[in-house]
Every structure is written in structure tokens, then in C-alpha cells.
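The values are calculated or read from the model by the stated rules, or taken from the named source; none is laboratory data. As the structure is a computational prediction, the values presented were derived from the model and not from experiment. Because the Cβ atoms are built from the backbone with ideal geometry, glycine has one as well, and the counts that use them run over all protein chains shown.
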Amino acid sequence: MAQTVLVPTEGSPLSMKALETALVDYPDADIVVCHVMDPIGSGFGLIDVMRPTFEDGSPPGSVSPEYWREWHEKAEEKAADVFDDAREIAAEHGRSIETVLEFGEPGDVILEYAEDHDVDRIVMGSHCRTGAERFLLGSVAETVVKRAPVPIMVVR
């Protein structure tokens, strides 16, 4: 039986369905909800990094301190919203959860977190992209499934 279950989420309905699945299927486990913000790519948890609107007029990809300060603030606001939704779902199931905000390439961060924190299982959603969309956007779930050090449940 799993002791610690990691549920990566970007706030989509599918990732929240994965959280509900983890809460129901692992009633005695500690549930950790992880939201990963990617400042570089266009992956899991991204706040429209490629087309941000910043008050100082910094262009996308700018390295100005103001640009990154605003990006970081927006990332934390997005994570707070995601975590509020996750806590609400957990409360509906009479449970509490731990929340973690991480920064980096989503697949790598999820895998590293699982290894470093003795996670027993990962439960995550997959959007099942195919063709050009999958080629262009990649698949965080696929990366995690291929390299995970623990069992994974993929929810669709």
C-alpha cells in the first residue's frame, strides 16, 4: 500500500480528476500535490510564458529583473489558485493534502521530487495528445512514465 502519493497538477480538470482518484484509491496515504512552473518551455504548469504582458514593456524572453520578478509573482498566484482548488477537492473527501510549488522542466522536476522525497506512487493526468501537437508540446506524462522510479497511475 502506498504511503506517499505524488499528484502533479497544472490545474486542469484532468489533473484534478487524478487528484480525486488518488484521494479515493489511496485513503491512508499522504497526498502531495505538486505544481511545476516552467520558465523556459511550453509545458506543464506554464503561465503563457511565450506571450506575457508585463508592465515594464519587457519583451518575451527578456532577462530584466523586473520581467522575472513579475513572472515569478504570476507563477505564485497561479499556483495559489491551483492549490486552493486542490484543497477544496481534498476537503470534499474529508482529507488534507500537502502542496509543493517547484520551478523547472516539469518532467524532470516531478521525477526528481519523487526520488528525493521517498514517493511511493505517482498519480497524474494525461491529455493524450497525438501527432503534431504531441511532437511540438511533448508529453510530461510520457516522460514521467518512461523514467519514474515508482509505479505510476495515469488518469485520462
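Quick look at the values:
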read-out	value
Scan of the range 91-119 for residues that are among the small types (Gly, Ala, Ser), within 23 Å of Asp28 (Cβ to Cβ) and crowded, with 19+ Cβ neighbours inside 10 Å, ordered by number	Ala114
Count - residues of the range 107-156 that are assigned to a loop (DSSP other than H, G, I, E, B), at pLDDT below 90 and of a type outside the set (A, V, I, L, M, F, W, C)	7
Members of the range 68-106 that are of a type in the set (Lys, Arg) and either without any contact (Cβ under 8 Å) to a residue 24 or more places away in the chain or part of a helix (DSSP H, G or I) (or both)	Arg69, Lys74, Lys78, Arg87
Which numbered condition Phe54 misses (of (1) modelled with pLDDT of 95 or more; (2) in a loop (DSSP other than H, G, I, E, B))	(1)
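To keep it simple, each residue is scored yes or no on (1) crowded, with 17+ Cβ neighbours inside 10 Å; (2) touching a Phe, Trp or Tyr at 6+ places or on another chain (Cβ under 7 Å); (3) not in a helix (DSSP H, G or I).
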residue	(1), (2), (3)
Leu6	yes, yes, yes
Glu10	yes, yes, yes
Lys17	no, no, no
Thr21	yes, no, no
Pro27	no, no, yes
Ile31	yes, no, yes
Val36	yes, yes, yes
Pro39	no, yes, yes
